[in-house]
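Trainee: I have a structure I would like to understand better, so I am pasting it below and will then ask my questions one at a time.
We did not get these values from a lab; they are worked out from the coordinates using the rules stated. This is a predicted model, so every value here is computed, not measured. Here the Cβ is made from the backbone with ideal geometry for all residues, glycine too, and neighbour counts use every protein chain on show.
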Amino acid sequence: MVRANLLTSASRILNALRLAFVGLILTKSQATAEPILTSWFTNNSAILARVIETSGAAANTTWPSAGVANNNTGGAAQTLPAYSDVQRIRYTATDVYINANGLASYPMGPWYVNSGALFGFWPLARDYQVRITRTPTAAVSKTKHPGGMIGMMVNGVAIYDLGDAFSFKQTANTPTVTGTDQMGAGGDGYWSRDALAVEVVTFDPGFAHQPGNNGQYHYHAEPKALRYQLGDNMRATYDAVRKLYTYSETDPSGTSVPLHHSPLLGWAYDGYPIYGPYGYSNNLNSASPVVRMRTGFVLRNGQNGTQDLRLTGRVTLPKWAAIAQGYTTAASTNPFPLTAAQYGPSTSYTTSGPGGITTYSLGRYTGDYENLGDLGQTQGTTFDLDQYNGRTCVTPEFPGGTYAYFVAIDANGNTAFPHMLGKEYYGTPNGGNATTVPGNATDLFHGGPSLQETLARPAVDAGSGNVTLVWSSVEGGSYRIERSIDLTNWTPIVSNVPAAANALQTTATNIGGTLDTNRGFYRVVRDRLAPYDP
């Protein structure tokens, strides 16, 4: 409820209430200044998620549209609109609980495959209720990432491991190794595939995609569109026509642009934060220049002291991969020798199938990368990020220091192995799906359809007396505008005002043209909400 021009006595009362309300906000803010509670992206929670199904098409709140066909055999579709980004935040003394649909507020899609045909699967709204610890601890014995979700971005979208659950299945090793990549237990497990090497073609411009079994929209690498939304050193690089995000550390003149520390992009299930690709050059000095974090991984191509797998074949695993995959211990030598039955295909090996010819080139498998730390090089000198793709450092949110993961990109803005997290957690993973939330949890944020709208001060045209109202709104809502002269009796003056589509606020103009604006009060009431995916 907001007035056009309140009487003095009423103004005193409301000002007192306003001051009291601000005091409550400050108290709550001071109590919840912890990054694990405050970093979640909630600005767009009342906006419906949208998908661009094909190149050049409009973004739709349900999908697929009639006539849009792909090779999806599961028939899964988003038949009701769903709200985007994080919907609810609750916390206890030990944990934070996040509710989200797993759908981003930027336009998702389109998705294609190598042939140019539409990718076979659509993203679907999820019912995430995720718990993440507020007190992470470094693990003495590291844990390999499981399949599926290993963390959550601040927009409520799932984070996946760098692999894609496929590994090479050897069928013969003499005179040359033959076989194909197989999913899960069907593969041998030694030569695990790098998801980016084979799946990047199916990513949308936001750099995410989804599997067919559950429609779980997720990232394996830097979340380009989220970085753009959060202002992470992306240089005005969204092409609205082609729906593409590009990257540059220079302005159009070619001059380098000052960099700022990357924002916090997400949280791993061990409770440690995930940042974009930029951090302080001195890990413990926030006054040092901001630079791109250099990954500690390089291809095994004969450079940087590595073996050249193009010459030796895939007959050994790098030490870090052998440890992460459980085939050896930290005390083992580097590289880890394999038996003939464990060899991988040569880097020139090819197979033919329904999708055409597949070449098993260098970079296809996680074992094709060596860690510089295992080659005797020093973190902080020739590389910045350890085998888990993080480091102990200070950040804007953690001036006292923390362990933090960083998204890995190269100087051209392309994703660099291991992309986001290494193959193991740095800390002890104890987060994930939470079937229940403790009854004593504090409700910090409840958005989406539960958002509490706010109405700005009405604007009154001095000549006509017409009033313009602007209020935060929930997409899919329908509103009623009421008027009062005494704050007790309210008269409806406009009904069925639809919330603005794909917007954070709604505007109604030419309201109450005959109203005495010296005595006018207004309020906006949400009457209805269109059906949505709960």
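Trainee: Tell me, what ³J(HN,Hα) does each residue in region 50-61 have, in order and in whole Hz, if you take phi through Karplus 6.51 cos²θ - 1.76 cosθ + 1.60 with θ = phi - 60° and put x for Gly and Pro?
Mentor: My calculation for region 50-61 gives 9, 10, 8, 7, 9, 4, x, 7, 6, 8, 10, 8 Hz in order.
Trainee: Just order 412-425, 490-503 by mean Cβ neighbour count inside 10 Å, highest at the front, would you?
Mentor: The densest-packed peptide leads the list: 412-425, 490-503.
Trainee: Using the per-residue mean of other Cβ atoms lying within 10 Å as a proxy for protection, in what order, highest first, do the peptides 44-52, 276-284, 429-437 fall?
Mentor: Highest to lowest by the protection proxy: 44-52, 276-284, 429-437.
Trainee: Expressed in nm to one decimal, what extension gain is obtained for the pair Val201 and Thr454 from 0.36 nm per residue of sequence separation less their Cα-Cα distance?
Mentor: Answer, rounded to one decimal: 86.8 nm.
Trainee: Can you compute the modelled spin-label distance between Gln182 and Asn213, with each label point 7 Å from Cα toward Cβ, in nm?
Mentor: The modelled label-to-label distance comes out at 1.6 nm.
Trainee: Could the peptides 147-156, 400-409 be put in order, highest first, of the mean number of other beta-carbon atoms found within 10 Å of their residues?
Mentor: For the peptides 147-156, 400-409, the packing ranking is 147-156, 400-409.
Trainee: For the Cα atoms of the chain, what angle does the longest principal axis make with the long axis of helix 8-31, in degrees from 0 to 90, nearest 10?
Mentor: Once rounded, the angle reads 20 degrees.
Trainee: Mind listing the long-range amide H neighbours of Gly520? Cut-off is under 5 Å, sequence gap 5 or more, other chains count too, H placed in the peptide plane at 1.01 Å from N.
Mentor: Ala4, Asn5
Trainee: State the extension gain, in nm to one decimal, for the chain segment bounded by Arg134 and Val291, taking 0.36 nm per residue of separation less the distance between their alpha-carbons.
Mentor: 53.7 nm
Trainee: Please count, across the chain, the pairs of lysine residues with Cα atoms under 24 Å apart that sit 8 or more places apart or on different chains.
Mentor: Taking the chain as the scope, the lysine pair count is 10.
Trainee: Using θ = phi - 60° and the Karplus relation 6.51 cos²θ - 1.76 cosθ + 1.60, list the HN-Hα couplings for region 209-219 in order, rounded to whole Hz, with x at every Gly or Pro.
Mentor: Values per residue, Gly and Pro as x: 7, 8, x, x, 6, 9, x, 7, 4, 7, 10 Hz.
Trainee: Sticking with this one: Test of understanding: what is the full-extension gain from Ala341 to Val68, defined as 0.36 nm times their sequence separation minus their Cα-Cα distance?
Mentor: 93.7 nm
Trainee: So what's the back-of-envelope 222 nm ellipticity for the chain, counting only DSSP H runs of four-plus at -39500 (n - 2.57) apiece and dividing by all residues, rounded to 500?
Mentor: When only DSSP H runs of four or more count, the value is -2500 deg cm²/dmol.
Trainee: OK, next. Once amide H atoms are built 1.01 Å from N in the peptide plane, which residues 5 or more positions from Asp95, or in another chain, come under 5 Å H to H?
Mentor: It is Arg134, by chain and number.
Trainee: About the Cα centre of the chain, what is the dipole size in debye to 20, counting +1 per Lys and Arg Cβ and -1 per Asp and Glu Cβ, all else neutral?
Mentor: 720
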